[in-house]
Number of protein chains: 2
Amino acid sequence: MASTISERELQFLLYEFLDTESLLRRERYTEHSREVFDATLDAARELAEELLAPHLRQGDEQEPVFVAGRAEVAAPTRAAWQAMADAGFLRAHWNVDEGGLQLPEVVLRAAMSAFYTANVGTAAYGLLTIGAANLLRTFGSQFLKDQYLAPLGDGRFAGTMALTEPSQGSALGDIKTTAVAQADGTYRLFGQKTYISGGDQNLTDNIVHMVLARIQGAPAGVKGISLFLVPKMLPDANGDHTLRNDVVLAGLLHKMGWRNTTSTILSFGDAGGARGWLLGGEHQGLAHMFQMMNEARIGVGLVSACIAYRGFSESLAFARERRQGRLPSCRDPLSPQVRLIEHADVRRLLLAQKTYAEGSLALCLYAGSLFEDQQSHPQQRRRADARRLLDVLTPVVKSWPARYGAAANDMAIQVLGGAGYTRDYPVEQLYRDQRLNMIHEGAEAIHALDLLGRKVVAEEGAGLGLYMETVRGDAQRGAQVGLQDEAAALLAALERLGAVSAVLTSLLRTDPDLALANASLYLDAFGRVTLAWIWLKQGSAATTALRAEDARTDGGYYRGKLQAMHYFFGWELPHTQAQCELLARCDRSAYDMRDGWFA
Amino acid sequence: MASTISERELQFLLYEFLDTESLLRRERYTEHSREVFDATLDAARELAEELLAPHLRQGDEQEPVFVAGRAEVAAPTRAAWQAMADAGFLRAHWNVDEGGLQLPEVVLRAAMSAFYTANVGTAAYGLLTIGAANLLRTFGSQFLKDQYLAPLGDGRFAGTMALTEPSQGSALGDIKTTAVAQADGTYRLFGQKTYISGGDQNLTDNIVHMVLARIQGAPAGVKGISLFLVPKMLPDANGDHTLRNDVVLAGLLHKMGWRNTTSTILSFGDAGGARGWLLGGEHQGLAHMFQMMNEARIGVGLVSACIAYRGFSESLAFARERRQGRLPSCRDPLSPQVRLIEHADVRRLLLAQKTYAEGSLALCLYAGSLFEDQQSHPQQRRRADARRLLDVLTPVVKSWPARYGAAANDMAIQVLGGAGYTRDYPVEQLYRDQRLNMIHEGAEAIHALDLLGRKVVAEEGAGLGLYMETVRGDAQRGAQVGLQDEAAALLAALERLGAVSAVLTSLLRTDPDLALANASLYLDAFGRVTLAWIWLKQGSAATTALRAEDARTDGGYYRGKLQAMHYFFGWELPHTQAQCELLARCDRSAYDMRDGWFA
């Protein structure tokens, strides 16, 4: 199954890197078993291979079209959507009393990774629908849940998040869409939203838009934003969703990649107002929406990891097959050509991809396990800690896999050479698809500002403190299994990062603009330390496993993990030194640059 | 003229960074003047703006099609080609007695940069034709020159380089195309070539293919390769080129970008043999072809710089116009949104692009000036030195602008955010177009092996010694104008690079495979030192100019140059330390990685 994620990798991440089996001791999961988890993963991989992977290229070439006011996507998308829904993946994590299976979040995410690896353009409809339904589960009134939850769970309806507007981009405080309260307790919405993924499609009869808007007369800025549920179709007298709401598909955006997910411009209220329901409290919309945004951010991290993983797999397969050239030491032109993988530089390109892709996957599933702990850990303190640690990590989880995933997909093309630049192989599409991930769910700089300007200073630095304590604990455990060098390198980098954090958070109070000027560099340094930690954790698990193996049946897999860890500690972590020096002196190169000097 | 390169930038690079006016003292250029140079540049910029830039998108969307055995490109391509030819750009550098203007190489390249910036897919036909004609000028018999030179110069014919074959890729020693000698002194060629840019098109009546092939019975490997001129059309009894040669367009390759340049599969000899003429000596083909390859490599570097420059210009214009968000220090949601360029991180993305793009441009024009000196410098020793220095620099000139140009084009998208990911703006196309440059004219690893395995050790290290001596001299000059800190940082990095070079060249003798395993990292470190040097040279020129300016009319331009230099020295050069540490200990992460460990 080369088009999706390997079973071995998911097994390692869930059961060796993470201790997913320990969830079975929690009351919520007593009815489950590892067999159920594994069967879920197998089902996802099979579905991915059979119904998602085959139309990866078709979804790119047959871009969604605007037909009679509606977006139409490539035909096989519908069968894939239906199968994902029918197999229960949209609601597997719901409580049994909601109609779900109470599957742990981390297992669901591992399962979804199979879909993302096979075909992100199609799988994204599921990601959005799951997030919208979760928002409804948290903030919806019983009336709204009765109306919309079941069909979101079984795939009759899909969900979106409608935040961005044409004149505001990343600055949510400036949104202008207005909600006017009606006598019946509903609202009428007026405004335009853009870049709305899945904002229209021909997969479902109805679409549930989660819309940020201002109630007429609300305060300016983020404090005046409320959250609304605005369906594409409204219920008729029989309760069937047959009446068009005043939400119109105003246009489709044509993207470089990720084409099979429609990107839409939606007009609300051109004909009297789009009917919507308030979700949660008035003016609390941004805080509420952060639930979906944070979920989506971890989702985008995982998607990025999966696209990188797919490129890695594709280029690995090519490098194992294709023969070209000879080693530098070989002077005999009549000797047979060697396989690409025998060239050291090709192995570098593959090893770096493995490091970025598997490191990102591990990071995102680790984040999934924190999400899980935050909800289901039996100890209150551990739930709070999981929330706190996940808060700090979220900007990294969103951003690192996207940036280094793009680097990995670049390398996948390079392994294939000229072939990789043609549309005869999937790696060029993966490169295009991946590029979106640095932009959507908040452009990279937004997460950098979030990390340094908010997460690191929140609760007087409690989150950062917990992060450092956690990394130190895992470094110690790494040293105990024999990875002393890596543990020491990680701790040194961690202390540098801590020192720089102190300098910057102090400056934040007196000169926030300057302190945040290099926030993106801080995010990158933070990400490198984080990934070194994740790799040390993987290396520790691999070391332990290698020791336990008497028959050495699977030694190669673990040795590969260790080699990837070595690569990361040799090639990526050391650059944090130069980065932290720049950060410590608050480099002013960009800050001082003036418009007129650009010429 | 936002779609092409700025006049100010070319003026700075030619007359302040380089001393192009000094060429006027050489005998070859006594008839020229700065006015002629400037008029040439103006004409190129105007042509670029009027006939190339307008169909950048069209050439991407209307990909070349295969019609009745021939490739057809987007219609406006023809007018642009004709205008470039009519204005004399294909032969401006030829001697007057060949029909040229004896324009210096470096001025011609600066002029071509206007075309590349506006529309590389169309301009590339000129790049290839110029290179093919130069090869003919050097190695062609009088008969061949009489037949082909004039029409290549006036754009009636175009040229290609036909090296790669389906089963050989980067390893030229393994090509299989065979040439069979005929009684009349010509040859018949049989074989298939692939990835041949411009291998067919509907711009010219004839195409002159420069083909590498083996004469029947030739030795194996690179020592058995010869160079042939194989035209698409053969002369009839009247000397008109009306008869089809046995060269058939077997297919078009569909690429991610750079689409308006056809990429072709060509079959030679399916119907009895394609008629060709030997160029230069038997079995000397690869050495001869290196003239065109080296020219094309500098050309690809320049193209990369130009695509990066275009992305920089586009994103700068967007950032100056578009308003979004507020500074971190502003807490008033009712205050007006600021322009993107007022955000420090956006300025970082712009400054980094400026640094990569203008640094690459400067490097490539510097290489052009070495090419010039190699041919026209009055002193024999200086001609030899120019050749030697250019030999060492060529792998960097080919590779650095491609890799960092891609990073720049990535940043251009990021400045635009979601808009940058749509096809409504050119930055996504530039990102796709740029990606080819790390592959064609030798994939990056090939240049890394060339640099460390050949160039650095050639003539007992004479080239490397000259490089270091040249950099030291310029560092000293930089310190003299006041850039002591940068000079010291550059020298320290240079010495580290020198020390690592010694370690690796020593290892090359005993274990070439291991010594070359990290050649790509060596290339990157070498590139960073080189670009720091190029930026110090630009910074020195800017410092001198700022001092000389009493009215400070153009101070902003020079301050921008200095700020870009600061950025490079702060953000890019320091990473050579971690790189050189890895190189010095011959890191084995990738080298030791085994196929089976990849899982």
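The values are calculated or read from the model by the stated rules, or taken from the named source; none is laboratory data. Given the structure is predicted, the values throughout are model-derived calculations rather than measurements. Positions of Cβ are backbone-derived with ideal geometry, glycine not excepted, and every protein chain shown enters the neighbour counts. Areas reflect the complete protein model, heavy atoms only, side chains present, ligands, DNA and RNA absent. Shrake-Rupley method; radii C 1.70, N 1.55, O 1.52, S 1.80 Å.
Just a few scattered comments:
- Close contacts from segment B:205-216, counting a first residue that is open to solvent by less than 10 Å² (accessible area, probe 1.4 Å) and a second that is of a type in the set (Asp, Glu), with Cβ to Cβ under 8 Å and a gap of 6+ residues or different chains, come to B:Ile207/B:Asp200.
- Any chance A:Arg45 is under 22 Å from A:Gln82 (Cα atoms), away from chain B (no Cβ under 14 Å), in contact (Cβ under 8 Å) with a residue 60 or more places away in the chain and charged (D, E, K, R): yes
- Consider segment B:19-28 and keep the residues that are touching a residue at least 40 places away in the same chain (Cβ under 8 Å) and open to solvent by 40 Å² or more (accessible area, probe 1.4 Å). The one that is farthest from B:Leu430 (Cα to Cα) is B:Glu27.
- A residue that is open to solvent by 10 Å² or more (accessible area, probe 1.4 Å), without any contact (Cβ under 8 Å) to a residue 12 or more places away in the chain and among the charged types (D, E, K, R) cannot be found anywhere in segment B:274-291.
- Test result for A:Gln58, within 30 Å of A:Val248 (Cα to Cα), at pLDDT 95 or above and of a type in the set (S, T, N, Q): yes
- Restricting segment B:373-391 to residues that are in contact (Cβ under 8 Å) with a residue 60 or more places away in the chain and surrounded by fewer than 17 Cβ atoms within 10 Å (Cβ to Cβ), the residue that is nearest to the chain's Cα centre (by Cα): B:Gln375
- Scanning segment A:216-250 for residues that are part of a strand (DSSP E or B), over 31 Å from the mean Cα position of the chain (by Cα) and either within 14 Å of chain B (Cβ to nearest Cβ) or of a type in the set (A, V, I, L, M) (or both) returns A:Leu234, A:Leu243.
Condition check ((1) outside any helix (DSSP H, G or I); (2) of a type in the set (A, V, I, L, M, F, W, C); (3) facing chain A (nearest Cβ under 10 Å); (4) over 12 Å from B:Gly527 (Cβ atoms)) across all residues:
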site: B:Arg403; (1), (2), (3), (4): no, no, yes, no
site: B:Ala412; (1), (2), (3), (4): no, yes, no, yes
site: B:Val415; (1), (2), (3), (4): no, yes, yes, yes
site: B:Glu428; (1), (2), (3), (4): no, no, yes, yes
site: B:Leu436; (1), (2), (3), (4): no, yes, yes, yes
site: B:Ala445; (1), (2), (3), (4): no, yes, yes, yes
site: B:Leu451; (1), (2), (3), (4): no, yes, no, no
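- Residues that are within 9 Å of another protein chain (Cβ to nearest Cβ), closer than 26 Å to B:Asp511 by Cβ and out of contact with any Lys or Arg (no Cβ under 8 Å at 6 or more places or on another chain) within segment B:574-584 comprise B:Ala578, B:Glu581, B:Leu582, listed in sequence order.
- Hits in segment A:166-180 (condition: open to solvent by 10 Å² or more (accessible area, probe 1.4 Å) and within 29 Å of B:Arg322 (Cα to Cα)): A:Pro166, A:Ser167, A:Gly169, A:Ser170, A:Ala171, A:Leu172, A:Gly173, A:Asp174, A:Lys176, A:Thr178
- Among the candidates A:Arg509, A:Arg472, residue that is surrounded by fewer than 17 Cβ atoms within 10 Å (Cβ to Cβ), over 16 Å from B:Pro328 (Cα atoms) and among the basic types (Lys, Arg): A:Arg472
- For segment A:311-367, residues that are β-branched (Val, Ile, Thr) and more than 19 Å from A:Val427 (Cα to Cα) total 1.
- Being more than 14 Å from every other protein chain (Cβ to nearest Cβ), of a type in the set (Ser, Thr, Tyr) and not in a loop (DSSP other than H, G, I, E, B) holds for only one residue in A:Ser304, A:Ser315, and it is A:Ser304.
- Among the candidates A:Glu31, A:Glu16, A:Glu35, residue that is over 23 Å from A:Leu316 (Cβ atoms) and in contact (Cβ under 8 Å) with a residue 60 or more places away in the chain: A:Glu31
- One residue from B:Arg259, B:Arg244 being buried (at least 18 other Cβ atoms within 10 Å of the Cβ) and basic (Lys, Arg): B:Arg259
- Test: residue in segment B:549-561 that is of a type in the set (Val, Ile, Thr) and within 30 Å of the chain's Cα centre (by Cα): no
- A Cβ distance below 7 Å, combined with a sequence gap of six or more or placement on separate chains, defines the contacts here; from segment A:332-352, residues that are at the interface with chain B (Cβ under 8 Å from one of its Cβ atoms) and within 17 Å of A:Ala412 (Cβ to Cβ) reach residues that are of a type in the set (A, V, I, L, M) and in a loop (DSSP other than H, G, I, E, B) in the pairs A:Arg347/B:Met593; A:Leu351/B:Met593.
- Exclusive hit being within 14 Å of chain B (Cβ to nearest Cβ) and buried (at least 18 other Cβ atoms within 10 Å of the Cβ), set A:Glu358, A:Glu321: A:Glu358
- If you go through segment B:193-204 and keep only what is of a type outside the set (Asp, Glu) and crowded, with 21+ Cβ neighbours inside 10 Å, you end up with B:Lys193, B:Thr194, B:Tyr195, B:Ile196, B:Ser197, B:Gly198, B:Gly199, B:Gln201, B:Leu203, B:Thr204.
Rundown of residues vs (1) more than 30 Å from A:Glu314 (Cα to Cα); (2) touching a residue at least 40 places away in the same chain (Cβ under 8 Å); (3) surrounded by fewer than 21 Cβ atoms within 10 Å (Cβ to Cβ), yes/no style:
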{"residue": "B:Ala545", "(1), (2), (3)": "yes, yes, yes"}
{"residue": "B:Glu549", "(1), (2), (3)": "yes, no, yes"}
{"residue": "B:Tyr558", "(1), (2), (3)": "yes, no, no"}
{"residue": "B:Gln563", "(1), (2), (3)": "yes, yes, no"}
{"residue": "B:Phe569", "(1), (2), (3)": "yes, yes, no"}
{"residue": "B:Thr576", "(1), (2), (3)": "yes, yes, no"}
{"residue": "B:Cys586", "(1), (2), (3)": "no, yes, yes"}
{"residue": "B:Ala590", "(1), (2), (3)": "no, yes, no"}
{"residue": "B:Met593", "(1), (2), (3)": "no, no, no"}
